[in-house]
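Worksheet: the structure to be examined is printed underneath.
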Amino acid sequence: MWANNLRIFGVVLGTLALYTLIANKIPQVQSEVPQALSLGANVTPEQLVSAGDQLYQGAGGCTACHGLGTRAPNLLTDEKGQGTIGARCAKREPGKDCKAYLYESLTSPRAFVVTGYEPIMPDLGRTLSPQQLWALVAFLESQGGSVDVQASDIPAAPASAAGAPGAAGAARIANGSTDPMEITRAAGCTACHKMGGEGAAIGPDLNHVGARLSAALIRESILAPDAKIAKGYEKFKGIMPKTFGDQLTAAQLESLVQFLASHK
């Protein structure tokens with residue numbers, strides 16, 4: 001009797017130990033949500049550049065494409081003999097100075113696409129606050145040029161959002177709506193994917209995604225987009241943001257997953 005109980009106890013402990021070991025071996029997906037900035041009326045160019053640098057190197061996701069020289073133009077190093085971005089930004093688009101060109105590139109990236117590259121840049125105005133956008137502009141100007149972003153360029157953050165972590169995140173995507181098409185538009189999905197009669201053919205077509213992927217795999221593709229890359233799209237690895245797990249509410253995520261899974 002006691003021998004049987006001990007054997008059963010040993011099997012249970014062994015099973016728990018095995019699953020604990022397996023769980024600890026699974027890579028943990030980490031996402032970084034752009035943190036809200038609180039820049040006062042006396043903000044200095046140095047403060048803007050520093051904030052923009054952190055965004056560029058981290059939560060802004062810029063390094064996934066820029067600097068490789070293949071998917072998007074180099075920004076911090078020379079680009080085809082034209083210098084760094086701060087040195088060439090004023091020469092890119094006729095009639096636009098550096099500040100205007102950079103801001104347009106962040107918020108309306110398809111207005112002017114550099115020759116030789118595809119229009120894969122997402123509209124960062126959907127996920128970053130105005131303060132974050134202008135901090136990025138200042139940082140990019142500082143790369144070989146002069147910073148002329150001023151406090152007057154930056155609209156004041158709403159009192160409810162100032163200093164709140166993730167203020168540019170979940171609440172900004174479709175204002176919390178669970179309508180799947182509103183979510184796909186607000187999150188910028190149609191900038192790369194076709195859905196219905198909308199979107200671009202840069203990433204996989206989503207019109208029949210439910211016939212290719214289960215709901216579980218669709219959910220994984222949203223939360224950890226680099227975990228499995230669709231065949232033929234390997235060169236675009238790293239482009240899709242990894243922050244949707246923090247930017248979408250649970251209800252929004254499930255609504256989007258079920259909507260896509262139903263498209264056979």
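Within the bounds of the range 226-248, is there any residue that is at pLDDT 85 or above, at negative phi and buried (at least 18 other Cβ atoms within 10 Å of the Cβ)? For the range 226-248, residues at pLDDT 85 or above, at negative phi and buried (at least 18 other Cβ atoms within 10 Å of the Cβ): absent. The set of residues from the range 99-139 being in a loop (DSSP other than H, G, I, E, B), among the aliphatic types (A, V, I, L, M) and open to solvent by 30 Å² or more (accessible area, probe 1.4 Å) comprises Ala111, Val113, Met121.
Residue pairs whose Cβ atoms lie under 6 Å apart, sitting 6 or more positions apart in sequence or on different chains, and linking a residue in the range 216-234 that is within 18 Å of Asp246 (Cβ to Cβ) to a partner that is among the basic types (Lys, Arg), are Asp226/Lys237.
The values are calculated or read from the model by the stated rules, or taken from the named source; none is laboratory data. This structure is a prediction, so every number in the text was calculated from the model and none was measured. Note that we place each Cβ from the backbone using ideal geometry, even for glycine, and neighbour counts take in every protein chain shown. SASA here: full protein model, heavy atoms, side chains in, ligands and nucleic acids out. Shrake-Rupley method; radii C 1.70, N 1.55, O 1.52, S 1.80 Å.
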